[in-house]
Amino acid sequence: MSCDFLALAVPGVQKLSPYVPGKPVDELARELNLDPAGIVKLASNENPLGPSPKALEAIRAELADITRYPDGSGYALKAKLSERFGLAAEQITLGNGSNDVLDLIARAWLAPGLNAVFSQYAFAVYPISTQAAGAEGRAVPAKDHGHDLEAMLAAIDANTRVVFVANPNNPTGTWFGPDALESFLSRVPANVLVVLDEAYIEFAEGGELPNGLSYLPRYPNLIVTRTLCKAYGLAGLRVGYAASSPQVADVLNRVRQPFNVNSLALVAACAALDDADYLAEGRRVNAAGMAQLEAGLAALDLAWIPSKGNFLAVDFGTDAAPINQGLLQRGVIVRPVAGYGMPTFLRVSIGTEAENARFLAALAEVLGRG
Ligand SMILES: Cc1ncc(COP(=O)(O)O)c(C=O)c1O
């Protein structure tokens, strides 16, 4: 006799909608019978440069050892991160991407009867991990598409354990400065964890954004999450980390799977962190690509949300689904964000100059403004 296992799933999981990733190149090629080589994917905020040569070399050298389990403590990567960012190894929790760390946080501190606060239009994993843990997710209305930190403070109550804030935010690219962060952190109750998600910080560093790591000594309830999957170009290997107080890291390490970061990711991350040229080139290409896209969008008379990430949310002022379809037919994959409550927008990741040009040309054609 068959059984309804959905009905038997824990209540939070029953109501979950799965995360919808960017469409893979091969999937679009199969669906529309296109040559994968001619498809441009600007849908997942990936690094358009290809991997760091140093990371590739480290991966090749490690391949012969993949019969062994990885170093479950991630000793070498933690040492590298400690040296680079002035952290103690005890403050670091490694994750299979920073997604993994976000999920560990929810598993460790959220449960039925408790809640997590995040912004409308914030990264989809916050509500998913919160709900999977059986807790209530409180989406606070955004202000100009960005976080309304005052309203988020007001949404915190006695049952709040976690507040997720992303700087810059995905999918909007919005950001806040050091004064806003300080004012926020100084007023969040000491028993509420603030998760400051800095997945895109490397694209914004040196500008108007605060460096979350520098607030850790003063705020023991702060967890900064970062990733090697964006600016460092290792999305396919999945590696990220959290920096926090040693006690918070100790809790996270209790729920972490023993070998959550694989051995190729560990060595590649160390090498990528050492490749300053790669990081600098990625930033340069991103800044140039952002300017190229902004000029192209302005020429098409389109609006977008100013962004400090490696992507832009473009507002078409009308249902964006048919425009997305037109782009797909021309072999250009961007990200629909209707699932985020932004049905008139498409999010486009910054690519190489040629990829950005392909996107703009395809868009002009779809809009009949070519
Ligand atoms: C705001 C934000 N946080 C975290 C992540 C997770 O990144 P990863 O798991 O690849 O490190 C993403 C990925 O898109 C993101 O946009």
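The values are calculated or read from the model by the stated rules, or taken from the named source; none is laboratory data. This one's a predicted model, so the numbers in the text were calculated from it and none came from an experiment. Note that we place each Cβ from the backbone using ideal geometry, even for glycine, and neighbour counts take in every protein chain shown.
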key: Search result, residues across the stretch 133-161 that are farther than 16 Å from ALA116 by Cβ and within 16 Å of the ligand (Cβ to nearest atom)   = ALA142, HIS145, GLY146
query = For the subset of the stretch 174-209 comprising residues that are in a loop (DSSP other than H, G, I, E, B) and within 16 Å of the ligand (Cβ to nearest atom), which member is surrounded by the fewest Cβ atoms within 10 Å (Cβ to Cβ)?
reply = GLU205
task = Among the numbered conditions (1) over 30 Å from VAL285 (Cα atoms); (2) under 21 Å from the mean Cα position of the chain (by Cα); (3) among the small types (Gly, Ala, Ser), tell me where SER186 comes up short.
result = (2)
ask   = Here are some conditions: (1) more than 14 Å from the ligand (Cβ to nearest atom); (2) part of a strand (DSSP E or B); (3) under 21 Å from VAL224 (Cβ atoms). PHE164 meets all but one. Which one does it not meet?
value = (1)
request  = Taking LYS54 as the residue in question, decide whether it is part of a helix (DSSP H, G or I) and within 23 Å of the chain's Cα centre (by Cα).
outcome  = no
note = Exactly one of SER129, SER119 is at pLDDT 95 or above and within 16 Å of ASN99 (Cα to Cα), and that residue is SER129
request  = Write out, first by first residue and then by second, each pair whose Cβ atoms fall under 8 Å of each other, whose residues are 6+ apart or on separate chains, and whose first residue, in the stretch 216-235, is within 10 Å of the ligand (Cβ to nearest atom) while the second is among the basic types (Lys, Arg).
outcome  = CYS229/ARG238
note = Filtering helices (runs of 4 or more DSSP H) wholly in the stretch 57-143 for at least 3 residues that are within 19 Å of VAL255 (Cβ to Cβ) and touching a Ser or Thr at 6+ places or on another chain (Cβ under 6 Å) gives 98-109
Hits in the stretch 145-161 (condition: under 18 Å from the mean Cα position of the chain (by Cα), part of a loop (DSSP other than H, G, I, E, B) and without any contact (Cβ under 8 Å) to a residue 40 or more places away in the chain) = HIS147
task = Could you run through the stretch 240-284 and say how many residues are closer than 17 Å to GLY74 by Cα and part of a helix (DSSP H, G or I)?
result = 20
ask   = When the stretch 1-30 is examined, which residues are found to be assigned to a helix (DSSP H, G or I), touching a residue at least 40 places away in the same chain (Cβ under 8 Å) and not β-branched (Val, Ile, Thr)?
value = PRO11, GLY12, LEU28
